[in-house]
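K.L.:
One structure, pasted below without further comment.
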Amino acid sequence: RAIRRGVKSRVLMGGLLVAVLTGAPLVPPTGKAHAQATAQSTANQQFLLAYRLFNRNEDGLALEAFTEFVGGFQSDPKVGDAYYYLSLLERRRGNNAKALEYLGNTPEPTLVPTYALQVLHAQVLMDVDDAEGKNTARAVEVLEKIDVTNLAPLPRASVLFLKGTAYREMNNLTGAQQAMKEAAAEESTLRARATMEQGRLLAMQGKPAEA
């Protein structure tokens, strides 16, 4: 589980996000448009505050700020992104039940890549797995929906490594070994770990020579 917790879920670059959220309109709005622009600006400022607190690892304050955002700006398109960060923060605190609650009601994010939301969902499911392995089975279903084709090497390796871990816990050693093999083929910081896991899985299948 320590390995799974090590798979990073922070996916946005602060500078890019700041640029997106603080861009000024080219034409000053008036009337109703002005009210809408003001509301959007307020929402952007609240989200940006929460995100900056998150990046500074001020988790308690970030949790409060994102909670205020989803409560005060329910129609904002970034609500799905806010729920992603709320889920991530609750997972950090060990409150996986609350994280699952948020993930179960998360609209499609606009800033966070969909695959990152899916990875977090799978991680939380595996963290709270029951004795019968039902949550790990659900995690596998979530991970199998991710198309890794166009992901960068590290995110692709992370998804494959997590999938291999889930397969292993489901006693699908062949699937686990294949996922680890694919993860090890990527130029990423997970290459050595995935290679070791692949060798261990081969040994578990009675293939010491290949291991």
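The values are calculated or read from the model by the stated rules, or taken from the named source; none is laboratory data. Please read all numbers here as calculations on a predicted model, not as lab measurements. Don't worry about glycine lacking a Cβ; one is built from the backbone with ideal geometry, like all the others, and counts go over all protein chains shown. What goes into the accessible areas is simple: the full protein's heavy atoms, side chains included, and nothing from ligands, DNA or RNA. Shrake-Rupley method; radii C 1.70, N 1.55, O 1.52, S 1.80 Å.
K.L.:
Could you give the dipole magnitude of the stretch 168-211 about its Cα centre, charging the beta-carbon of Lys and Arg +1 and that of Asp and Glu -1, in debye to the nearest 20?
P.N.:
On the way: 6 positive and 6 negative charges, 30 e Å.
Dipole size: approximately 140 debye.
K.L.:
Leaving out ligands and nucleic acids, note down the accessible area per residue over the stretch 63-211 with a 1.4 angstrom probe, in whole Å².
P.N.:
Working: 7110 Å² over 149 residues.
I get 48 Å² per residue for the stretch 63-211.
K.L.:
Along the charge dipole of the stretch 35-141, Cβ charges K/R +1 and D/E -1, which of Pro109, Val119, Gln46 sits furthest on the positive end?
P.N.:
The one lying farthest along the dipole's positive direction is Gln46.
K.L.:
Heavy atoms only, probe 1.4 Å: what % of the accessible area of the stretch 133-211 goes to carbon and sulfur, would you let me know? Can you show the working numbers first?
P.N.:
Working: 2130 of 4180 Å².
Answer for the stretch 133-211 is 51 percent, counting heavy atoms of protein chains only.
K.L.:
With the convex hull built on the Cα atoms of the stretch 84-171, state its orientation-averaged projected area in nm². Display every interim value, and only then the final one.
P.N.:
Details: hull surface 23.0 nm².
Result: 5.8 nm².
K.L.:
Let me ask another. If you place +1 on the Cβ of every Lys and Arg, -1 on the Cβ of every Asp and Glu, and leave all else neutral, what size is the dipole of the stretch 57-152 about its Cα centre, to the nearest 20 Debye? Each step should come with its number before you reach the end.
P.N.:
Numbers: 8 positive and 16 negative charges, 12 e Å.
It comes to approximately 60 debye.
K.L.:
How long are the three semi-axes of the equivalent ellipsoid for the stretch 58-211, computed from the Cα gyration tensor as the root of 5 times each eigenvalue, in whole Å, largest first?
P.N.:
Working: eigenvalues 211, 54, 31 Å².
Listed largest to smallest, the semi-axes of the stretch 58-211 are 33, 16, 12 Å.
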